[in-house]
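A.B. asks: Mind having a look at this structure? Questions to follow.
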Amino acid sequence: MKKRDFFYLFLMFFLIFIFYKEIIFKEKFLWDDILYQWYPFLTYLKESIKKLKLPVWNPYVFSGMPFLNDIQSQVFYLPNYFFLFLNGLKKLTYYQVELIVIFHIFLIFFFSFILLKSLKIDKKIAFLGSLILTFSSFVTLRTIQLGPLAVFAYFPIITYFFLKFLKEEKISKNAVYGGIFFGLSFLAGYPQFSLFLIYTLLSYFLLNIFLFKKINRYQIINIFIFFLIGFGLAMIQFYPSYKYLPFTVRKRLTFEEASDGSLSFLQLINIFIPKFFGSVSGDLTDTIPYWLYPFGHYYWEAGIYLGILPFFFALYGLFYSPRKEKYLFFIPAIFGILLAFGKNFFLYNLLFNILPGLKQFRFPSRFLAIYIFNFAILATFGIEKFLKEERNNYYKFLIAFFIISLFFFFIFKEKIPEKFYKNGETQFLIFLFFLILTIFLFFFKFKNTFIALIIIGAISYFDLYLFGNKFSKSSISDEDYYPYTTLVRKLQKEREKEFFRINSREDSYMILKRNEGCLWGLELLEGYTPLNLAKFSNFPIKKDKKCELLNVKYKIKVESNKMDLVINEKYLPRAKLYYDYQVVLKDEDIWDLLNSDTFDIFNKVILKETLPDFLIIKEKEKIKNNLKILKYDVDEILIEVESNYPAILLLSEVYYPEWEVKIDNQKEKIYEANYLLRAVKIKEGKHLVKFYYNKKNIFIGFIFTLFTIIFTISLLVFLNKFRKS
């Protein structure tokens, strides 16, 4: 890197610092999913790694579920570990997680600067283009979601390598480097955005053939190398996640489920007036509460605002830039915005059964990632062209747009609900202000390029700062949201003596937050993650019955809008021996039986198949047994049992096929019991029962990744020697 480039690095840090200074100085705090999901999960990840344990299972949410298999856990995403262990072996702080977010914002700035420079754009102009992308609404609104932000951070650098090797007529190192970054982005843990990236790259490839009439065998070979290395490096995470998917609630979504969060045509207003329908922020709102849809997440899932001046520079680049590659970025941008309409436009409906991945993901509005990324590049082309030519008639188009905007506002202002009118009027005036600045810029056409660049940068930054500065900032710290209370300490002490779970939520009342168990080592019935087990989520039995079945010692009680945690009078122990069972084949019949008052879950277990050579014992007085839990870990449970008759050992842990069992070191079968739990048949006598998590899928993924690393290093060595010779 040249010395002058360090000045641009300093400017990047400075502008990010100004935008997020309250976060950096701990005056405000990131909120939503960063606080609710990533902080507890990364805390659990760090605590597991400190114990030299691979966190395959998370016992603290949803009565237990796979952790590593959930791709959003970011177990193998290496950049996180620098920040996780920034304070050594101490407990993870929320500030460290916030630093991870800010780090990825910097990556977007830095990587997009590299990409734009590679398109033979002057550094100063490239810097402005990267500024526009970094502080665009799409990025700002993702600061509360680490997974999407982390994957999006790699869009520019992967595109940089991809476009470079498309131009080369040789086996290229750029395909190797691009593949490495693609694999890293996949490990960042948001496959929906990885899918968007693949769509975008393939569109670049096809458009490159169409626009430049260039195709050769090396392009195909390099694309193959790129995806081979990318998927191969990510296979350590991808393979176990792929095997996990059929057991989750996201196995296959209906069209209605997948198209939830489709961009509406009304939201196109947000291209110019981003807070016309109100806004959402960490402290509720910085205008009026968002009113177009009933839930706030519809606001941040539709980040379409690029800024007024950048948007019109993008159009200017499209109309006037002599660069042929402008169409390379314009066409994917249009497809991105059309697909974002989801069910509101025929294209998504047409491709729903054709494009891979659409049936696994919600919120088509997230396709705006493709639009924002490509339109920011077009805006850079527009700035470049603007600085190189004399004034043209574009300002007349802007004046006409100004007049049309006034006309439409006065025509349709009566349709704005009265209580929202004042905000609509204020936001419209802000739009007019930036539009007038844009008109003046194009009309006066500053001859001094440096002054023009400063003005363009200042207007763009101020516009985007005004939009997004308050969104990510909340007054609620992690200590406010997750206070270490007397109740928590009491539950922790009890947990040392006895295995039990806690029902901490009823409707909107939460005595402990959904993933809070990860912070304190408390096992909850509740949780918060998009990829929870479908079997647990689709378990429609009464709350009291569920608490009895799932070893719940404490449950929330809500009366007169007050909540308390009370003892559950009846609940199964974590492990219990049974001598009677009933075979029920259909899930619906099992639910009915568990819901009934006639079925005794304390003395009879429900199975889906008959146990061979098992004698049902009705007379309790004949039974003599003993059970002792020797070890209880995330990947191994040891139980010593002794019984004078054959028995069924029921373990109050969620059934998942990667858990297996050995009795006296002989592998045995785990049965699905009571619809949701694990059971194993025990012979009479004394036995050591070992439940263990089979890491076969992780090992297979690891082998793929290991061979990919060897292949990647070998290929780079070969290419270096080949070039020298």
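The values are calculated or read from the model by the stated rules, or taken from the named source; none is laboratory data. Note that the structure is predicted; figures quoted are calculated from it, not measured. Note that each Cβ is placed from the backbone with ideal geometry, even for glycine, and that neighbours are counted across all protein chains shown.
A.B. asks: Out of the helices (runs of 4 or more DSSP H) lying entirely within the stretch 489-604, which hold 2 or more residues that are touching a residue at least 12 places away in the same chain (Cβ under 8 Å) and either touching a Pro at 6+ places or on another chain (Cβ under 7 Å) or among the aliphatic types (A, V, I, L, M) (or both)?
C.D. replies: 517-520, 587-595
A.B. asks: Related question: Of all residues in the stretch 443-471, which are of a type in the set (Ser, Thr, Tyr) and at pLDDT 95 or above?
C.D. replies: Correct list: 460, 461, 465.
A.B. asks: Checking the conditions here, which among 684, 658, 668, 642 is among the acidic types (Asp, Glu) and either within 27 Å of residue 521 (Cα to Cα) or not assigned by TED's automatic domain parsing to the domain that holds residue 589 (or both)?
C.D. replies: 658
A.B. asks: Can you name the residue in the stretch 137-160 that is within 19 Å of residue 325 (Cα to Cα) and of a type in the set (Phe, Trp, Tyr) and is also surrounded by the fewest Cβ atoms within 10 Å (Cβ to Cβ) among such residues?
C.D. replies: Filtering first and then ranking leaves 160.
A.B. asks: Related question: Would you confirm whether any residue within the stretch 681-693 is over 30 Å from residue 171 (Cα atoms), of a type outside the set (Gly, Ala, Ser), modelled with pLDDT of 95 or more and not in a strand (DSSP E or B)?
C.D. replies: no
A.B. asks: Shifting gears a bit: Can you find a residue in the stretch 323-342 that is in a loop (DSSP other than H, G, I, E, B) and over 23 Å from residue 130 (Cα atoms)?
C.D. replies: Yes: the stretch 323-342 contains one or more residues that are in a loop (DSSP other than H, G, I, E, B) and over 23 Å from residue 130 (Cα atoms).
A.B. asks: Output yes when any residue across the stretch 690-706 is closer than 30 Å to residue 593 by Cα, in contact with a strand residue (DSSP E or B) (Cβ under 9 Å, 6 or more places away or on another chain) and either of a type in the set (Val, Ile, Thr) or exposed (fewer than 13 other Cβ atoms within 10 Å of the Cβ) (or both), and no when none is.
C.D. replies: no
A.B. asks: Next question, about the same structure. Go through the stretch 3-70 and tell me which helices (runs of 4 or more DSSP H), entirely inside it, have 1 or more residues that are touching a Pro at 6+ places or on another chain (Cβ under 7 Å) and crowded, with 23+ Cβ neighbours inside 10 Å.
C.D. replies: Fully inside the stretch 3-70 and qualifying: 39-50.
A.B. asks: To continue, here is another question. Answer yes or no as to whether residue 528 is among the hydroxyl-bearing types (Ser, Thr, Tyr), modelled with pLDDT under 95 and within 17 Å of residue 34 (Cα to Cα).
C.D. replies: Yes; evaluated as a whole, the condition is true for this residue.
A.B. asks: Scan the helices (runs of 4 or more DSSP H) fully inside the stretch 75-136 and keep the ones with 2 or more residues being among the hydroxyl-bearing types (Ser, Thr, Tyr) and surrounded by 24 or more Cβ atoms within 10 Å (Cβ to Cβ).
C.D. replies: The qualifying helices (runs of 4 or more DSSP H) are 123-134.
A.B. asks: Within the stretch 700-725, can you find the residues that are assigned to a helix (DSSP H, G or I) and of a type in the set (S, T, N, Q)?
C.D. replies: Hits for the stretch 700-725 are 705, 708, 712, 714, 720.
A.B. asks: OK, next. Which numbered condition trips up residue 165, out of (1) within 29 Å of residue 146 (Cβ to Cβ); (2) crowded, with 23+ Cβ neighbours inside 10 Å; (3) touching a Gly at 6+ places or on another chain (Cβ under 9 Å)?
C.D. replies: The failed condition is (1).
A.B. asks: Hey, could you check the stretch 691-725 for residues that are among the β-branched types (Val, Ile, Thr) and without any contact (Cβ under 8 Å) to a residue 24 or more places away in the chain and say which is nearest to residue 67 (Cα to Cα)?
C.D. replies: 703
A.B. asks: Further question on the same structure: Return yes or no: is residue 670 out of contact with any helix residue (DSSP H, G or I) (no Cβ under 8 Å at 6 or more places or on another chain) and under 23 Å from residue 240 (Cα atoms)?
C.D. replies: Yes; evaluated as a whole, the condition is true for this residue.
A.B. asks: Also, quick follow-up: Of these, 231, 224, 255, which one is without any contact (Cβ under 8 Å) to a residue 24 or more places away in the chain and over 30 Å from residue 312 (Cα atoms)?
C.D. replies: 224
A.B. asks: Need the failing condition index for residue 472 against (1) of a type outside the set (Val, Ile, Thr); (2) under 18 Å from residue 386 (Cβ atoms); (3) assigned to a loop (DSSP other than H, G, I, E, B), just the number.
C.D. replies: (2)
A.B. asks: Follow-up. Between a residue in the stretch 272-296 that is over 17 Å from residue 425 (Cβ atoms) and any residue that is of a type in the set (Phe, Trp, Tyr) and assigned to a strand (DSSP E or B), which pairs come within a Cβ distance under 8 Å, given they are 6 or more apart or on different chains?
C.D. replies: Close Cβ pairs (under 8 Å, with a partner that is of a type in the set (Phe, Trp, Tyr) and assigned to a strand (DSSP E or B)) amount to 282/29.
A.B. asks: Which residue pairs have Cβ atoms closer than 7 Å, lie 6 or more positions apart in sequence or on different chains, and pair a first residue in the stretch 427-454 that is more than 20 Å from residue 315 (Cα to Cα) and in the same structural domain as residue 287 (by TED's automatic domain parsing) with a second residue that is hydrophobic (A, V, I, L, M, F, W, C) and in a helix (DSSP H, G or I)?
C.D. replies: Pairs found: 428/409; 449/387.
A.B. asks: Looking only at the stretch 644-664, which residues are aliphatic (A, V, I, L, M) and either under 30 Å from the mean Cα position of the chain (by Cα) or closer than 7 Å to residue 677 by Cα (or both)?
C.D. replies: 651, 654 - these are the residues of the stretch 644-664 that are aliphatic (A, V, I, L, M) and either under 30 Å from the mean Cα position of the chain (by Cα) or closer than 7 Å to residue 677 by Cα (or both).
A.B. asks: OK, next. Select, from 211, 233, the only residue that is farther than 27 Å from residue 140 by Cβ, in contact with an Asp or Glu (Cβ under 9 Å, 6 or more places away or on another chain) and of a type in the set (A, V, I, L, M).
C.D. replies: 211
A.B. asks: Is there a residue in the stretch 374-395 that is free of Cβ contacts under 8 Å to residues at least 40 places away in the same chain, over 21 Å from residue 129 (Cα atoms) and either outside the structural domain of residue 285 (by TED's automatic domain parsing) or assigned to a helix (DSSP H, G or I) (or both)?
C.D. replies: no
A.B. asks: Out of the stretch 532-565, which residues are more than 23 Å from residue 591 (Cβ to Cβ), at pLDDT below 95 and touching a strand residue (DSSP E or B) at 6+ places or on another chain (Cβ under 7 Å)?
C.D. replies: Correct list: 557, 558, 563, 564, 565.
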